[in-house]
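Undergrad: Got a structure for you, written out below as structure tokens; questions coming shortly.
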Ligand code: C2O
Ligand code: CU
């Protein structure tokens with residue numbers, strides 16, 4: 001570490017940041033069939049679609065013959081894919097069979113703060129929590145994961161995460177591959193460190209940006225391949241890692257980027273690769289020829305203005321997932337739709353913004369403060385449109401996430417965002433030193449006593465306190481006081 005600090009010269013002078021050590025991603029054979037998380041069963045009771053999820057311990061064989069202790073929902077690692085329609089009312093019975101409190105947060109979901117599954121909705125061991133809400137946002141690839149204060153990194157890293165897919169008329173009528181697990185394939189990308197005994201290791205030396213694993217897996221499968229039987233395949237990419245940023249693409253072809261965090265783009269965009277920081281999603285459509293094989297890989301990421309030591313890991317290049325095309329491929333349409341088909345009634349307009357807030361992120365704090373469960377940091381009025389100016393003041397990136405809303409990136413250093421940041425987002429990679437202006441509106445749900453979180457999604461940072469609390473108040477309401485501890489059920 002000393003040599004690395006020295007080699008960056010002035011960039012880090014006077015700065016307490018320490019880059020972590022990292023082992024390069026190990027070469028692997030792509031000989032294991034990609035695990036597809038099962039679609040979660042549900043039953044409709046009195047008009048509500050009810051799911052259940054149980055957080056539990058288990059054992060997973062990431063490597064043949066090596067038993068790794070892991071956590072999962074309804075299984076030993078990761079969780080089933082929840083799926084619902086816009087307009088449906090859903091409920092999830094969340095049970096905790098672990099020995100410690102956890103929570104389940106619906107990342108990217110627009111819903112009341114008390115249903116959000118953040119640190120104020122911890123579920124005690126043996127308890128069940130049953131949030132319910134109406135799906136009221138465009139089709140998108142969302143996800144769920146624990147959010148217990150100070151322990152999110154551990155819980156996610158051990159394996160607690162899954163997808164939550166939303167459908168609507170636009171997504172169903174768009175020309176997109178849509179047979180789950182066949183030509184519409186979930187790809188949860190995560191990296192891990194397995195110790196000499198094959199157990200998950202999380203570094204706790206504070207090295208930045210956190211644990212960068214030398215084992216990269218997709219849906220929990222190391223060295224995975226997916227058989228492709230159609231001309232086009234849609235990959236729903238989620239960076240579910242605790243710290244690593246990926247730049248995902250193929251060496252030998254472009255992809256059509258069709259959706260980002262909040263749903264479909266106005267039109268598909270051809271791209272070579274896409275940068276995904278922890279928490280971000282992208283849907284891409286890949287075109288295949290009969291009988292060929294190609295690999296999704298992470299290329300050297302364009303980290304922008306990040307000091308070299310903190311780019312470690314993110315600037316490795318390695319393969320992630322192999323696609324193997326069958327000798328005969330069923331035809332599939334080229335993704336296409338007109339912008340007008342997706343013109344949302346809930347468009348955001350900068351001219352409507354009545355509030356501008358500024359967020360400065362240093363190594364562990366936002367605006368100089370650490371997360372305090374009992375403190376409300378920001379109060380927004382129901383229905384108000386706001387501009388958030390967000391900035392990383394340190395020579396390393398962050399991954400900025402806001403609960404409840406899907407925002408628009410207005411500009412980066414005054415310039416229009418690149419095509420992959422033109423759709424709705426709930427998480428955005430913050431290049432060091434750049435000014436990000438985000439536009440959002442707080443609709444539908446006010447609760448003066450229960451906050452939503454905004455935080456860095458690099459989970460070591462989040463747990464270290466890089467998080468703040470926002471309440472949305474209705475007309476004439478004043479912000480109340482949240483409990484200074486989790487409201488356990
Ligand atoms: Cu995906 Cu507050 O988190
Ligand atoms: Cu961060």
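Undergrad: Go over the candidates 79, 75, 20 one by one and state the one that is crowded, with 19+ Cβ neighbours inside 10 Å and within 16 Å of ligand 2 (Cβ to nearest atom). Quick ask: steps written out before the conclusion?
TA: Details: 79 fails: within 16 Å of ligand 2 (Cβ to nearest atom); 75 fails: within 16 Å of ligand 2 (Cβ to nearest atom).
None of the others qualify; the one that does is 20.
Undergrad: Name the pairs: first residue in the range 166-195 and under 17 Å from residue 231 (Cβ atoms), second residue part of a helix (DSSP H, G or I), Cβ to Cβ under 9 Å, at least 6 apart or on different chains?
TA: Taking only residues 6 or more apart or on different chains, the pairs are 174/341; 174/342; 178/171; 178/172.
Undergrad: Residue pairs, Cβ under 6 Å, 6 or more apart or interchain, first in the range 443-469 and under 15 Å from residue 404 (Cα atoms), second in a helix (DSSP H, G or I) and away from ligand 1 (no atom under 11 Å from the Cβ). List them.
TA: Hits for this filter: 447/113; 450/113; 450/114; 452/113.
Undergrad: Can we say residue 100 is touching a residue at least 12 places away in the same chain (Cβ under 8 Å), within 16 Å of ligand 2 (Cβ to nearest atom) and either assigned to a loop (DSSP other than H, G, I, E, B) or out of contact with any strand residue (DSSP E or B) (no Cβ under 9 Å at 6 or more places or on another chain) (or both)? Before you say what the answer is, go through the steps one by one.
TA: Working: touching a residue at least 12 places away in the same chain (Cβ under 8 Å): yes; within 16 Å of ligand 2 (Cβ to nearest atom): no; either assigned to a loop (DSSP other than H, G, I, E, B) or out of contact with any strand residue (DSSP E or B) (no Cβ under 9 Å at 6 or more places or on another chain) (or both): yes.
When the stated conditions are applied, residue 100 does not pass them.
Undergrad: Any idea which of 147, 107 is in contact with a strand residue (DSSP E or B) (Cβ under 6 Å, 6 or more places away or on another chain), within 18 Å of residue 464 (Cα to Cα) and touching a residue at least 12 places away in the same chain (Cβ under 8 Å)?
TA: Details: 107 fails: within 18 Å of residue 464 (Cα to Cα).
Being in contact with a strand residue (DSSP E or B) (Cβ under 6 Å, 6 or more places away or on another chain), within 18 Å of residue 464 (Cα to Cα) and touching a residue at least 12 places away in the same chain (Cβ under 8 Å) holds for just one of 147, 107, which is 147.
Undergrad: Here's something else I'd like to know. Would you please name the residue that is surrounded by the fewest Cβ atoms within 10 Å (Cβ to Cβ), looking only at residues in the range 244-254 that are at pLDDT 95 or above and assigned to a strand (DSSP E or B)?
TA: In this case the residue turns out to be 250.
Undergrad: Residues in the range 207-243 that are touching a helix residue (DSSP H, G or I) at 6+ places or on another chain (Cβ under 8 Å) and in a loop (DSSP other than H, G, I, E, B): how many? Steps first, please.
TA: Of the residues in the range 207-243, the ones touching a helix residue (DSSP H, G or I) at 6+ places or on another chain (Cβ under 8 Å) are 208-211, 240, 242-243.
After this cut, where a residue has to be in a loop (DSSP other than H, G, I, E, B) as well, the list is 209-211, 240, 242-243.
Count: 6.
Undergrad: Can I ask one more? Can you work out which of the residues in the range 465-476 that are farther than 30 Å from residue 20 by Cα and at pLDDT 95 or above is farthest from ligand 2 (Cβ to nearest atom)?
TA: It comes out as 474.
Undergrad: Which of the residues belonging to the range 445-459 are away from ligand 2 (no atom under 16 Å from the Cβ), part of a loop (DSSP other than H, G, I, E, B) and within 30 Å of residue 418 (Cα to Cα)? First the steps, then the outcome.
TA: Pass one, the range 445-459, residues away from ligand 2 (no atom under 16 Å from the Cβ): 445-452.
Filter once more, keeping what is part of a loop (DSSP other than H, G, I, E, B): 445-451.
Result: no residue meets the conditions.
Undergrad: Let me ask something else about it. Has the range 376-390 got any residue that is surrounded by fewer than 21 Cβ atoms within 10 Å (Cβ to Cβ), under 23 Å from residue 432 (Cβ atoms) and within 16 Å of ligand 1 (Cβ to nearest atom)?
TA: yes
Undergrad: Looking at this structure, is residue 257 part of a strand (DSSP E or B), buried (at least 19 other Cβ atoms within 10 Å of the Cβ), assigned by TED's automatic domain parsing to the domain that holds residue 218 and touching a helix residue (DSSP H, G or I) at 6+ places or on another chain (Cβ under 7 Å)? Outline the logic, then answer.
TA: Details: part of a strand (DSSP E or B): yes; buried (at least 19 other Cβ atoms within 10 Å of the Cβ): yes; assigned by TED's automatic domain parsing to the domain that holds residue 218: yes; touching a helix residue (DSSP H, G or I) at 6+ places or on another chain (Cβ under 7 Å): yes.
So residue 257 passes the test.
Undergrad: Let me ask something else about it. Only residues that are farther than 30 Å from residue 396 by Cβ and in contact with a helix residue (DSSP H, G or I) (Cβ under 8 Å, 6 or more places away or on another chain): list them for the range 442-470, please.
TA: The answer is 445, 447, 450.
Undergrad: Of all residues in the range 389-401 being in contact (Cβ under 8 Å) with a residue 60 or more places away in the chain and in a strand (DSSP E or B), which is nearest to ligand 2 (Cβ to nearest atom)? Write out each step before concluding.
TA: Here is the first cut: in the range 389-401, the ones in contact (Cβ under 8 Å) with a residue 60 or more places away in the chain are 394-399, 401.
Restricting the remaining residues to those that are in a strand (DSSP E or B) gives 398-399, 401.
Details: 398: 3, 399: 6, 401: 10 Å.
Residue satisfying both the conditions and the ranking: 398.
Undergrad: Looking at the range 34-61, which of its residues are under 29 Å from residue 296 (Cα atoms) and under 22 Å from the mean Cα position of the chain (by Cα)?
TA: Correct list: 34, 35, 36, 37, 38, 39, 40.
Undergrad: Now for a different question. Residue check: is residue 462 crowded, with 19+ Cβ neighbours inside 10 Å and within 11 Å of ligand 2 (Cβ to nearest atom)?
TA: Working: crowded, with 19+ Cβ neighbours inside 10 Å: yes; within 11 Å of ligand 2 (Cβ to nearest atom): yes.
Considered against the rule, which asks whether it is crowded, with 19+ Cβ neighbours inside 10 Å and within 11 Å of ligand 2 (Cβ to nearest atom), residue 462 comes out as yes.
Undergrad: Here is a follow-up. Could you please find all residues in the range 404-433 being closer than 18 Å to residue 457 by Cα, more than 16 Å from ligand 2 (Cβ to nearest atom) and not in a strand (DSSP E or B)?
TA: 404, 405, 406, 421, 424, listed by residue number.
Undergrad: Identify the single condition in (1) more than 21 Å from residue 135 (Cα to Cα); (2) in contact with a strand residue (DSSP E or B) (Cβ under 9 Å, 6 or more places away or on another chain) that residue 89 does not satisfy, given that it satisfies every other one.
TA: Every listed condition holds for residue 89 apart from (1).
The values are calculated or read from the model by the stated rules, or taken from the named source; none is laboratory data. No experiment lies behind these values; they were computed from the predicted model shown. Note: ideal-geometry Cβ built from the backbone for every residue, glycine included; neighbour counts use all protein chains shown.
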